[in-house]
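Encoded as structure tokens, the structure appears first; notes follow it.
The values are calculated or read from the model by the stated rules, or taken from the named source; none is laboratory data. As the structure is a prediction and not an experimental result, all values here were calculated from the model. Methodologically, a virtual Cβ is constructed for each residue, glycine included, from the backbone with ideal geometry; neighbour enumeration extends over all protein chains shown.
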Amino acid sequence: MIFPFTLVWCGFAVFWEIGAVAAGAPVLFPLWGGMFVMVGLYMVAGRFIVDARRRARTFYGVSNRRIIIVSHFLGYKVQTFNPRTLEQVLITEHSGGKGTISLAATSLFDRRRNIVLWTGASPVPAFEMIEHATNVYELIERIRTPLDSW
């Protein structure tokens, strides 16, 4: 749904830029159009590159007491969660055993905000596109459930 819009945006921005340069417009017009071309290129391809680099520099851990997400992208960020206090853990399975485990419910507002930001990053803490997602999800669920409730 977003990708066709990004193609139209980028196509129009390139069309504007070519027209402004070909017509010999004042320098402000090509500069203005250049900003929109850059945003369009980011929306079409750059956001996928940024997302891949962000995920490559993010590490996940699960112990019997904590769930940890460590990110080394644009700064150092550590998030820790007590698995027993999480209200909801959701899994979205993808092909090849990969999947995303969200550590909180995603509201409609969060989904819309994610579209507006164009980052591809989940607005809620998540183990994104991890191998063997079902196994990790089952591990987290076992930790969340106290032994006396088995």
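Rundown of residues vs (1) of a type outside the set (A, V, I, L, M); (2) under 27 Å from Ser102 (Cα atoms); (3) outside any helix (DSSP H, G or I), yes/no style:
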{"position": "Val21", "(1), (2), (3)": "no, no, no"}
{"position": "Phe29", "(1), (2), (3)": "yes, no, no"}
{"position": "Gly33", "(1), (2), (3)": "yes, no, no"}
{"position": "Ala45", "(1), (2), (3)": "no, yes, no"}
{"position": "Phe48", "(1), (2), (3)": "yes, yes, no"}
{"position": "Ala52", "(1), (2), (3)": "no, yes, no"}
When you scan region 72-84, do you find a residue that is more than 15 Å from the chain's Cα centre (by Cα), in a helix (DSSP H, G or I) and closer than 28 Å to Glu141 by Cβ, even just one? yes
Here is a list of conditions, (1) surrounded by 14 or more Cβ atoms within 10 Å (Cβ to Cβ); (2) within 15 Å of the chain's Cα centre (by Cα), and Val62 meets all of them except one; can you say which number that is? (2)
Checked pairs for region 8-31, first without any contact (Cβ under 8 Å) to a residue 60 or more places away in the chain, second of a type in the set (D, E, K, R), C-beta under 9 Å and 6 or more apart or across chains, list as Phe29/Glu17; Pro30/Glu17
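Would you check if Ala121 is under 26 Å from Gly40 (Cβ atoms), in contact with a strand residue (DSSP E or B) (Cβ under 9 Å, 6 or more places away or on another chain), modelled with pLDDT of 50 or more and not assigned by TED's automatic domain parsing to the domain that holds Gly40?
yes
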Residue identified as of a type in the set (A, V, I, L, M), modelled with pLDDT under 90 and out of contact with any helix residue (DSSP H, G or I) (no Cβ under 9 Å at 6 or more places or on another chain) among Leu86, Leu74, Leu108: Leu108
